[in-house]
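K.L.:
Okay, handing you the structure first.
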Amino acid sequence: MERLDGLTFEGLTKRARGLVADGRRAVLGITGAPAAGKTTLAEELVAALAPAPPPGLTAGRWVTHVPMDGFHLADVELDRLGLRDRKGAPETFDSRGYAALLRRLHEDEDDIIYAPGFERVIEQPIAGAIPIEREARLIITEGNYLLLWNDLRLDEVWYADLDQDTRLERLILRHVRFGKPEPAAIAWATGTDERNAALIAATRDRADLVIPAGLIHSVGTAPD
């Protein structure tokens, strides 16, 4: 694990670009507790990297963002399994399906691969929502359990770090923004989400790099 005092956002983009220096496809994972800034960091990296591809690759198409959240089990399945009140816990994801997607991305044999997305307004996965074209060399994926599930094929995993009080405040605000009454948002954030956060924090030392919140440019406006 590295946490470098002199780390800059430009340094992160250079490191990410270097993963595909030989033209192969690489998958960069970003993990961290709920509302630590994973999605924001992934989106910032894609926005910065897309216009400046390595030699021989096409601007805008060589890098893409594929969140893990598309592998949430649908609510109807969580109800069947009796897991609706634990939504977001490791067992409420199709972790093997996610692992299979990562393997397929590394095999790099298909002209296009479709990954599921996740719609926060309805809190449901959406099949086939993310097209990944053959030209995409760098895949940036993010999710809670990238360092917990041992069968995931990732070239590097970065850990988005954020102090507990700020993270919890942003998590509650996110739940309220997507429809939970404030008391329910607080209960979920300090209950189910907090138990999941403890699992994720225990994997922090396995990360290749720890990213402080100050490097996540928009972490104050788009927590995840």
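K.L.:
In debye, nearest 20: dipole of segment 113-224 around its Cα centre with unit charges on the Cβ of K, R (+) and D, E (-)?
P.N.:
Once rounded to the nearest 20, the dipole reads 200 debye.
K.L.:
Continuing with the same structure: Can you tell me which lysines have their Cα less than 17 Å from the Cα of Lys87? Leave out same-chain residues fewer than eight positions away.
P.N.:
Lys180
K.L.:
Would you mind computing, in nm to one decimal, how far apart the modelled labels at Arg61 and Phe9 are, each placed 7 Å from Cα along Cα→Cβ?
P.N.:
2.7
K.L.:
If you filter segment 1-76 for trypsin sites (Lys or Arg not before Pro), then keep DSSP loop positions with at most 15 other Cβ within 10 Å, what is left?
P.N.:
The qualifying sites are Arg3, Arg24, Arg61.
K.L.:
Name the GluC sites (Glu not before Pro) in segment 92-184 that are in a loop by DSSP and that have at most 12 other C-beta atoms within 10 Å, would you?
P.N.:
Answer by residue number: Glu109.
K.L.:
Now, a different point. Taking the Cα centre of the chain as origin, sum charge times position over the Cβ atoms of Lys and Arg (+1) and Asp and Glu (-1), and report the length of that vector in debye to the nearest 20.
P.N.:
The calculated dipole for the chain is roughly 40 debye.
K.L.:
Continuing with the same structure: Amide H to amide H, which residues 5 or more places from Phe93 or on other chains are under 5 Å from it, using H placed in the peptide plane?
P.N.:
For Phe93, whose amide H was placed from the backbone, the distant partners under 5 Å are Leu73.
K.L.:
Still on this model: Would you please give the FRET efficiency between Thr190 and Ile122, computed as 1/(1 + (r/R0)^6) with r the Cβ-Cβ distance and R0 = 25 Å, to the nearest 0.05?
P.N.:
Working: r = 24 Å, r/R0 = 0.96.
The value I calculate is 0.55.
K.L.:
Something else about it: I'd like the FRET efficiency for Ala201 and Asp111, computed as 1/(1 + (r/R0)^6) with the beta carbon distance as r and R0 of 35 Å, rounded to 0.05. Please report the intermediate quantities before stating the final value.
P.N.:
On the way: r = 40 Å, r/R0 = 1.13.
It comes out at approximately 0.30.
K.L.:
Defining a contact as two alpha carbons under 8 Å apart and six or more residues distant in sequence, what relative contact order in percent does the chain show? Intermediate results must be reported in sequence, preceding the final value.
P.N.:
Working: 387 pairs, mean separation 81.0, N = 224.
For the chain, the relative contact order is 36 percent.
K.L.:
Identify all aspartates and glutamates with a Cα-Cα distance to Lys14 below 19 Å; exclude those on the same chain that are fewer than 8 residues away in sequence.
P.N.:
List returned: Glu2, Asp5, Asp22, Glu43, Glu44, Glu142, Asp155, Glu156, Asp208.
K.L.:
Can you give the Kirkwood hydrodynamic radius for segment 9-215, in Å, rounded to one decimal and based on Cα pairs?
P.N.:
Details: mean 1/r = 0.0568 Å⁻¹.
When all Cα pairs of segment 9-215 are included, the Kirkwood radius is 17.6 Å.
We did not get these values from a lab; they are worked out from the coordinates using the rules stated. If you're wondering where the values come from, they're calculated on a predicted model, not measured in any experiment. Because the Cβ atoms are built from the backbone with ideal geometry, glycine has one as well, and the counts that use them run over all protein chains shown.
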